[in-house]
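See below for the structure under consideration.
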Amino acid sequence: MERSTERNRRGAGVREAPPRDVGRALRALSNADLARLKALARLWSRGLPGGVGWADVLNEAVMRALNGSRRWPEGVPLLAFLSGVMRSLCDEHWRRARRESVRMVHQDPVAGAGAWGDAATAPDPERVLAAAQALAAINRMFADDPAALKIITGLGEGMTAREICGLYGMTERDYDSARKRMRRALLRGGLSWSLR
Amino acid sequence: MEPTVKNWRPDDELRRLLDALSAEILAAPEEEMLQAGSTTGRTLAVAVRDIRELIATANEGQEETDPGLPLTEARRRRETCLRQH
């Protein structure tokens with residue numbers, strides 16, 4: 001299917017964009033953008049299993065961008081592209097860890113009896129627990145800021161700014177200042193939230 | 001209707017929140033990022049140098065990249081590479 005689509009695109013004269021110079025763009029990043037890149041790496045790598053940290057995720061994302069195994073699309077800012085690569089690397093890492101743990105349970109003759117099918121399709125309990133802990137910790141961080149808590153809840157439910165304002169009776173100005181407070185607090189803390 | 005606590009998926013909720021926060025980081029003003037870079041226990045200069053070194057290491061190791069390599073193995077390989085320098 002993909003191959004025929006590709007043939008059709010080529011046949012219709014659609015050319016693939018040439019690889020963009022990721023190395024040059026990386027070297028040109030400002031100090032603020034480098035700090036941004038680190039913040040994004042810390043954000044996506046929070047709580048990853050197996051002791052994998054932000055530097056591992058950022059390093060792998062940069063390598064894949066540099067060698068072209070992840071293509072930087074035209075019109076997408078470099079940092080947004082790298083953020084997406086890191087997000088998908090972290091997702092893949094969670095899935096891999098999940099497969100490993102399901103495989104280990106399956107090999108256990110007692111625990112694994114009949115568990116393979118259910119476990120492979122059910123939500124990953126380790127990831128669900130880590131996420132619940134992270135959400136609890138973020139909520140605790142903003143326990144004294146009800147407006148920020150409303151925004152966090154709304155964003156977690158996939159709501160837009162307008163929907164959050166409508167639901168909680170916030171003005172656009174209230175929303176913006178609470179959102180900025182929340183962002184600054186998270187960045188000041190190095191995006192490291194914990195239950196302790 | 002009963003609250004849908006039993007259907008709560010914190011992983012999905014956190015994913016949506018992180019998507020929104022990543023957009024916030026991408027849109028944050030420069031001075032805010034510079035401040036954040038220097039308030040997490042290290043000076044901005046050190047933090048920036050670390051990232052530049054990390055990018056340089058990635059640049060050197062790019063030809064060895066296997067797109068299917070687990071992150072744990074990629075980390076081991078990176079540490080080996082750093083020890084060699």
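Miscellaneous remarks
- Residue in region A:65-79 that is within 26 Å of A:E126 (Cβ to Cβ) and among the hydroxyl-bearing types (S, T, Y) present: no
- Looking at A:R173, A:R140, just one residue is at pLDDT below 95 and farther than 15 Å from B:A20 by Cβ, and that residue is A:R140.
- All helices (runs of 4 or more DSSP H) inside chain B with 3 or more residues being surrounded by 11 or more Cβ atoms within 10 Å (Cβ to Cβ) and at pLDDT 80 or above: B:10-27, B:30-38, B:44-61
- Selected residue [at pLDDT 90 or above, among the aromatic types (F, W, Y) and part of a helix (DSSP H, G or I)] from A:W44, A:W72: A:W44
Every residue, every condition in (1) closer than 24 Å to A:P125 by Cβ; (2) buried (at least 20 other Cβ atoms within 10 Å of the Cβ); (3) among the aliphatic types (A, V, I, L, M), yes or no:
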| site | (1), (2), (3) |
| --- | --- |
| A:V22 | no, yes, yes |
| A:L26 | no, yes, yes |
| A:A35 | no, yes, yes |
| A:K38 | no, yes, no |
| A:G47 | yes, no, no |
| A:G50 | yes, no, no |
| A:M63 | no, yes, yes |
| A:L82 | no, yes, yes |
| A:E92 | yes, no, no |
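- Of the helices (runs of 4 or more DSSP H) that lie entirely inside region A:134-188, those containing 3 or more residues that are surrounded by 18 or more Cβ atoms within 10 Å (Cβ to Cβ) and either among the hydrophobic types (A, V, I, L, M, F, W, C) or within 12 Å of chain B (Cβ to nearest Cβ) (or both) span A:146-156, A:172-188.
The values are calculated or read from the model by the stated rules, or taken from the named source; none is laboratory data. Just so we're clear, the structure is a prediction, and the values are computed from it rather than from any experiment. Ideal geometry is used to build each Cβ from the backbone, glycine not excepted, and the neighbour counts take in all protein chains shown.
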